[in-house]
Ligand code: FES
Ligand code: FES
């Protein structure tokens, strides 16, 4: 039986009817159409489903939608403003840190979370910050360079 939850996503209040076993990924994608959150492994290995929940990056495939009740969520759709792309998004484009793009939303949200806490991270800190996000295309260096350029 569905239950109603209330939460804030990208600074907007939502009331959503969810199944008890529905994941946060599925709720975002299928109930709200926020398809920027990607579904990869669905077992917590790849990080493609990363969103920021109350300031912390989480694998949304491992979070039940009901656990997001009362929480504040940021998805990739929340980063762009009327001024345009977020500086991290711009840096990923400018540094060539995107190839197929499947990892990119999660990678950018993990990077944002890192930079919010540590605005000028070292390469080692960047690599640790994105260690939960797998990329099959870029070899990671351009991603690290992009995050480093925003830090500067
Ligand atoms: S889809 Fe969630 S970690 Fe891979
Ligand atoms: S750009 Fe393809 S998986 Fe990262």
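No lab work stands behind these numbers, since they all come straight from the coordinates. Quick caveat, the model's predicted, so the values are computed rather than measured. Positions of Cβ are generated from backbone atoms using ideal geometry, with glycine treated the same way; all protein chains shown enter the neighbour counts.
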*Taking only Cα atoms and a 10 Å spring cutoff, compute GNM fluctuations for the chain and point out the largest among 87, 57, 20.*
20
_Per-q log10 I(q)/I(0), the stretch 3-78, q = 0.12 Å⁻¹ (Debye; single scatterer per alpha-carbon; no solvent)_ = -0.25
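Sort largest first and round to whole Å: the equivalent ellipsoid semi-axes of the chain, each the square root of five times a Cα gyration tensor eigenvalue.
Details: eigenvalues 147, 49, 35 Å².
So the three semi-axes of the chain are 27, 16, 13 Å.
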*Between the alpha-carbon centers of the stretch 1-38 and the stretch 119-152, tell me the distance in whole angstrom.*
29
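What does the helix-only formula give at 222 nm for the chain: each DSSP H stretch with n ≥ 4 adding -39500 (n - 2.57), the total divided by the residues, and the result rounded to the nearest 500 deg cm²/dmol?
On the way: 4 runs with 40 residues, N = 152.
So the helix-based figure for the chain works out to -7500 deg cm²/dmol.
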*Most fluctuating residue given options 21, 133, 59, as computed from a GNM of the chain linking Cα atoms under 10 Å*: 21
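For each of 1, 85, 107, count neighbouring Cβ atoms within 10 Å of the residue's Cβ, then give the residues from fewest to most.
1, 85, 107
When DSSP beta bridges are limited to those with both residues in the chain, what percentage is antiparallel, rounded to the nearest 5? Walk me through the numbers on the way to the answer.
On the way: 15 of 17 bridges.
Roughly 90 percent of the DSSP beta bridges within the chain come out antiparallel.
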*asked:* Cut-off 10 angstrom, C-alpha nodes, Gaussian network model of the chain. Which of 123, 82, 31 fluctuates the most?
replied: 82
*What's the percent breakdown of Cα-Cα distances in the stretch 87-150 across 5 Å bins, shortest bin first?*
4, 22, 36, 28, 9, 1
